Amino acid sequence: MAEPGADNSGKIPETTPRRPKFNRRRSLWIIVGILAGFVVYAYAFQTTEVSLSKIRDETRQESLVRVLRALAQPDLLDWETVNTDVDLQYLIPCPDAGFEPVAIEGDLNISVSPTCANPRDVVTVSGTGFIPNEQVQVFFVPPNGTRLRLTIARTDASGSFVEDVRLPNRPDESLQTIQAESKVRVGSIFSPAYVSDSDGHTVRSPRWSQNAVDTLDKIIETVFLALLATTAGTIIAIPLSFFAAKNLMRDVRIPALQLGLAVVAVPIGVGGGLLAFNWTKDLVLAMSDSAILHGASTLVLAWLTIRLLRLAVPPPGAQTGRYARIGAGLGAGLLILTAGQTLARFAELAGTWFAQNLSGAAFLGEFVASLGDILATVFGVLTAVAGAGVLGLLGSKLGYGVAKRVPESIRSLLTILSMALAGGIVAVGVGQVVGFLYEIAGTRSTVTIPFVVGAFLGALIAWRGLRRGYLAAGIGVYYASRTVFNTMRSIEPLVMAIVFVIWVGLGPFAGSLALGLHTVAALTKLYSEQVESISPGPVEAVRATGATRLQTVVYGVVPQIVSPYISFTMYRWDINVRMSTIIGFVGGGGIGFLLQQNIRLLNYRAAAAQMLAIAIVVASMDYLSSRLRERFV
């Protein structure tokens, strides 16, 4: 029986493959795309002024060769020199049989083309082996010994020169001399010499040049500038990265009443924290300026703080009243604030004393004094933040308690009022900033109108929260923080350095501030993206135990991000080292200032020394970071 589809002979006929249908529209779009690309690249060539004729230009090629040779010979060593004459026999006029001078082999050589000539002829004098970028005087010396200067040549980066000169009208059948006078280096790298300089002091030749010393000083400044910027940026970016992680903030929801009361309480907390800070600061400043007194006070206050903290957070089973715990907590907070002030004052006084009495290690005392000043400032900021956090938490708890005890109608009214007040407060803060930046005067524009608009928006948000039962505060914080950090990251450190130079003056401090601010924005993005890519399993397991949000972050998130955080931090230090070479162009300190100065002065040999130092530091940083990653990551 024949198979289905077979002919009478039982064979299945071969089928002819179907030809693909020609898609005329697709082909037309391909042609249009090619033509559009041609037009785009043609315009790009015109805009960027691409021209190979510039590359072939001989003058430009000679300049390029000169610069490349200078960059290949960095200015790192200074040499003592002595004046040396190089002589070459010459005849004027040229005899009928011609003349071939006796070749004198040595480190310095000169030649003249042609080897003999007639009076007033133009000849070419060439020299090799001389000191690069130095003057060479060329003389004509007749038999009477009088030196007639023909020209002053300058050697190139390889120590050679070529000059066309006109011979004097001094015909003589005797041998005459073409003489080149220049300086010769004394000593060598492997066999240095000790000679007397112009002042009669014995010096080593060769020795490190002043450019090399300045380069070393500035590259060290560059490394530590980047180190401080990376350290400060990392400390700030780590906690902020959790607020910019969407997976952590997505499920942060809060009833509108609690959010409104928390926002209203925040500025009150900031004001209360600053008042407490100023009070303790005045109390500490009223004490005697004795480092020993402030150090002892810090120890006593720390001991009392520990005792109060044990009372405020009693162990399980301890019988401690609620109000006693609250009072102990408040007392511990004030003692911590006072102890911080006494510690900062101790550091300032002790550091100043060491700086004045230890001349060899004065920088250590200055460092301790600076740490005291920084500590006092940081305590002020932390006190304001702590006050805002405590009052905000109390406001949220108050909203939770009110919501449980009042009827729904009153709760709705309180929710709308609290959110309207919160929106008005936020809008007034924004209005004050806008008024300051754009010099807008009058309370109507900076207070009244913003408050009304903010209150209206707050009421709308409260109405939405009442309908849904909660507000997605976490996702709002996420988008707000992302917007701020993206804006900061879009501003180049070079622009930031210009602003900080105006604020704090020229120097590495301005560069550290610029790089530190940019580091915060960049690392926050990298850190938060790493948090968003963690495995959700450990986080869910920790949540299943009933852990708080803070415990979830500590035990479920942090163990997964330690290694990548270290990698990102080391990589950022490497970036900051390279960036600090650029911000020096605008006065931000570091080696960039020297590099810019030498490039502007066309001193490419000196600039080559700075480029070499940058390359060595970047390569060393790469090696160090790779070893650290192998060990800790």
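Below, the figures for the structure above:
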read-out: Some residue of the range 491-501 being within 30 Å of Ile582 (Cβ to Cβ), β-branched (Val, Ile, Thr) and not in a helix (DSSP H, G or I); value: yes
read-out: The one condition in (1) crowded, with 20+ Cβ neighbours inside 10 Å; (2) within 31 Å of the chain's Cα centre (by Cα) that Gly387 fails to fulfil; value: (2)
read-out: Extreme residue, farthest from Gly474 (Cα to Cα), among residues of the range 244-301 that are loosely packed, with under 15 Cβ neighbours inside 10 Å and β-branched (Val, Ile, Thr); value: Ile292
read-out: Given (1) more than 26 Å from Arg631 (Cα to Cα); (2) open to solvent by 20 Å² or more (accessible area, probe 1.4 Å), number of the condition Gly511 does not satisfy; value: (2)
read-out: Matching residues in the range 96-119 - criterion: being under 59 Å from the mean Cα position of the chain (by Cα) and in contact (Cβ under 8 Å) with a residue 24 or more places away in the chain; value: Asp107, Leu108, Ile110, Val112
read-out: First in the range 523-549 and closer than 20 Å to Pro239 by Cα, second anywhere and outside any helix (DSSP H, G or I) and open to solvent by less than 70 Å² (accessible area, probe 1.4 Å), Cβ under 7 Å, 6 or more apart; value: Thr524/Ala244; Ser528/Ala244; Ser528/Ala245; Val531/Ala245; Glu532/Ala245
read-out: Output for the range 218-231, where each listed residue is touching a Leu at 6+ places or on another chain (Cβ under 9 Å) and either open to solvent by 40 Å² or more (accessible area, probe 1.4 Å) or free of Cβ contacts under 8 Å to residues at least 12 places away in the same chain (or both); value: Lys218, Leu228
read-out: Selection from the range 441-479 of residues that are open to solvent by less than 70 Å² (accessible area, probe 1.4 Å), closer than 18 Å to Ala262 by Cα and free of Cβ contacts under 8 Å to residues at least 12 places away in the same chain; value: Gly476
read-out: Single condition Val252 does not satisfy, out of (1) within 21 Å of Gly556 (Cα to Cα); (2) modelled with pLDDT of 90 or more; value: (2)
read-out: Test for Leu594: is it assigned to a helix (DSSP H, G or I), open to solvent by less than 40 Å² (accessible area, probe 1.4 Å) and more than 22 Å from Pro536 (Cα to Cα); value: yes
read-out: Any hit, the range 602-610, residues being within 21 Å of Pro493 (Cβ to Cβ), open to solvent by 60 Å² or more (accessible area, probe 1.4 Å), not in a loop (DSSP other than H, G, I, E, B) and not hydroxyl-bearing (Ser, Thr, Tyr); value: no
read-out: Output for the range 415-440, where each listed residue is within 41 Å of the chain's Cα centre (by Cα), under 23 Å from Leu398 (Cα atoms) and open to solvent by 30 Å² or more (accessible area, probe 1.4 Å); value: Ile425, Val426
read-out: Qualifying residue in the range 540-550 (condition: of a type in the set (A, V, I, L, M), closer than 28 Å to Leu628 by Cα and open to solvent by less than 60 Å² (accessible area, probe 1.4 Å)); value: no
read-out: Residue within the range 350-360 that is part of a helix (DSSP H, G or I) and closer than 25 Å to Leu304 by Cβ present; value: yes
read-out: Qualifying residue in the range 393-400 (condition: more than 30 Å from Asp289 (Cα to Cα), open to solvent by 70 Å² or more (accessible area, probe 1.4 Å), outside any helix (DSSP H, G or I) and hydrophobic (A, V, I, L, M, F, W, C)); value: no
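The values are calculated or read from the model by the stated rules, or taken from the named source; none is laboratory data. What you see is a predicted model, and the numbers here were worked out from it, not measured in a lab. Counting neighbours? That spans all protein chains shown, and the Cβs are built from the backbone with ideal geometry, glycine included. Just the protein is used for accessible areas: all its heavy atoms, side chains included, with ligands, DNA and RNA removed. Shrake-Rupley method; radii C 1.70, N 1.55, O 1.52, S 1.80 Å.
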